[in-house]
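Okay, structure first, notes after.
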Amino acid sequence: MCSFIKGSSFLFDHVYVTSCATVAGPMEKRGPLQGYFDQCFDDLYCGEKSFELAERRMAKRAVLHCLEKANQKMDDIDIYLGGDLLNQIVTSNYLARDFMRPFLGMYGACSTSALTLGTASCLVEGGLVNQALAFTSSHNATAERQYRYPVEYGIQKCETTTFTATGAAAIIVSNQKSDIRVEAVTFGRVIDLEQKDPNDMGKAMAPAAYDTLKTHFKDLNRSFEDYDLIVTGDLSKYGKQILTAMFEEEGQKVTHYDDCGCLLYHESQPIFQGGSGCACSALVTYGYLLEQLRQGKYHRILLVATGALLSPVMTMQKETIPCIAHAISLEAVTS
Amino acid sequence: MDKKTYERIAKQKKPKKYVLKHSLYAFISGGIIGAIAQGILDILMNYFDFSQEKAVPVMSMTLVVAACILTGLGWYDKLADKAGAGMFIPITGFANSMTSSALESKSEGLVLGIGSNMFKLGGTVITFGIVSSFILGVIRYVFLH
């Protein structure tokens, strides 16, 4: 059984990553991680009639690739967990019609990757299920439409804006031993430092990432040194600098730290401060970082997926932006 | 960490705002659109015998159609991202707001999609345009009669 450390962290003994799969959109395909994705689409429509259907198609491809890699059929999975950015998490809920298995739809904004994976790991560790599949997706056009403006609307973007990544990713965790294990998880608290600018997600979310990291370090008595790499989900260039400055303010040295929003794209791509969205952390972690663990480049990494839990309605009503971050520690298994 | 300390830290790292560069781009691009409009007006009046009164709406419509086509081709937003207010303030900006909203909602059908969403962004301009012209009309009536 899992050991519940004081505070908000769980340590796991037998949760393993069976397989994972990633599907990326056109902008991500042109980024530095191209070779790490299982499938890439050249067009935002992905051969569908609407962007919403395109996102669902990507999510479905990711789930199918993941099952195929694990040599499993759809009904072999005990439980599915999924979420996305759209209202009523339509991508995941509609996709879940195909599974015919228990499904937990979850919303954690851009932190959904770690939220679903963390919950799936808890279920496996607790012995409640043998294997669970967690997936998430985001699409630049569907997110822009819901949270900002129409895609073709000509407006000058704020310099602090981030770019919602297009893609989907899925991961299967089980109690069967494999080369990577989920070692610990820290579920975050909702933090709100009264930020109101929906075009500045990095600044809004950095305090949440800071809080979760501090809690994680304190609960497990660890520091930056205990990880080969710590990545935040989508703080972007600006948020990354803020988080670093926050730790430095109290005299703590920040090492081995990067942000998925910065890793996913080239500096020269038109993505403003960096990538964001559920797919951002999922593509980088499930696609690129897990491969690095497998190859032995890293031994242990920590994903701190950040999410801004805002809605356009609340923003227009002058409400502040609550934010959350969940941390997941992944480790290469040395036999 | 309290809000005050946080704001101080965040302010130090804030990405630079290129106010001067953006103003210059807006000034030049807005000027270019104005010059094109004047060119169209001159051509209409000199070569097609339009009176000024008739040429002005034709010129506006030409710009609107051009902006709609550019939006449909996916170029307008890319240009406007550089030009900013230079392409946002002229009538082309209004045309773009309507076309982009219409394009966005075409997946929801003609009536409930395009029909009801077309003015999603431009509607506020119309609402306040009508309200302010009514107020000005009342003021004018009171003082001139």
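A few comments on the model shown:
- Among the criteria (1) over 15 Å from the mean Cα position of the chain (by Cα); (2) not assigned by TED's automatic domain parsing to the domain that holds A:Leu310, the one A:Ala204 does not fulfil is (2).
- Leading residue by the ranking (nearest to A:Glu249 (Cα to Cα)) among those in region B:9-66 that are among the small types (Gly, Ala, Ser) and away from chain A (no Cβ under 14 Å): B:Gly31
- For region A:174-196, filtering for residues that are among the polar types (S, T, N, Q) and either part of a loop (DSSP other than H, G, I, E, B) or within 14 Å of chain B (Cβ to nearest Cβ) (or both) leaves 4.
- For first residues located in region A:91-114 and assigned by TED's automatic domain parsing to the domain that holds A:Leu53 and on the phi > 0 side of the Ramachandran plot, partners that are of a type in the set (Gly, Ala, Ser) and surrounded by 21 or more Cβ atoms within 10 Å (Cβ to Cβ) and lie 6+ apart or on another chain with Cβ distances below 8 Å form the pairs A:Ala109/A:Gly307; A:Ala109/A:Ala308.
- Residues (surrounded by fewer than 16 Cβ atoms within 10 Å (Cβ to Cβ) and part of a helix (DSSP H, G or I)) located in region B:63-78: B:Val65, B:Ile69, B:Gly72, B:Lys78
- Scanning region A:272-286 for residues that are buried (at least 24 other Cβ atoms within 10 Å of the Cβ) and more than 15 Å from A:Ser111 (Cβ to Cβ) turns up A:Gln273, A:Gly274.
- So A:Arg57, is it in a helix (DSSP H, G or I) and among the basic types (Lys, Arg): yes
- Test for B:Phe50: is it of a type outside the set (D, E, K, R), assigned to a loop (DSSP other than H, G, I, E, B) and surrounded by 12 or more Cβ atoms within 10 Å (Cβ to Cβ): yes
- Candidate set: region A:132-170, residues that are within 12 Å of another protein chain (Cβ to nearest Cβ) and in a helix (DSSP H, G or I); chosen: the one surrounded by the fewest Cβ atoms within 10 Å (Cβ to Cβ): A:Gln146
- For region A:218-245, the candidate set comprises residues that are away from chain B (no Cβ under 14 Å) and of a type in the set (S, T, N, Q); within that set, the residue that is surrounded by the most Cβ atoms within 10 Å (Cβ to Cβ) is A:Thr232.
- Total residues in region A:110-127, condition part of a loop (DSSP other than H, G, I, E, B) and at pLDDT 95 or above: 1
- One residue from A:Gly307, A:Gly287, A:Gly261 being of a type in the set (Gly, Ala, Ser), in a helix (DSSP H, G or I) and within 14 Å of A:Gly202 (Cβ to Cβ): A:Gly261
- Tally of residues being outside any loop (DSSP other than H, G, I, E, B), out of contact with any helix residue (DSSP H, G or I) (no Cβ under 6 Å at 6 or more places or on another chain) and farther than 25 Å from A:Asp211 by Cβ across region A:313-335: 2
- Residue match in region B:14-33 (condition: more than 21 Å from the chain's Cα centre (by Cα) and surrounded by 13 or more Cβ atoms within 10 Å (Cβ to Cβ)): yes
The values are calculated or read from the model by the stated rules, or taken from the named source; none is laboratory data. Note that the coordinates shown come from a computational prediction; the quantities given were computed from them, not determined experimentally. Glycine also receives a Cβ, built like all others from the backbone with ideal geometry; neighbour counts cover every protein chain displayed.
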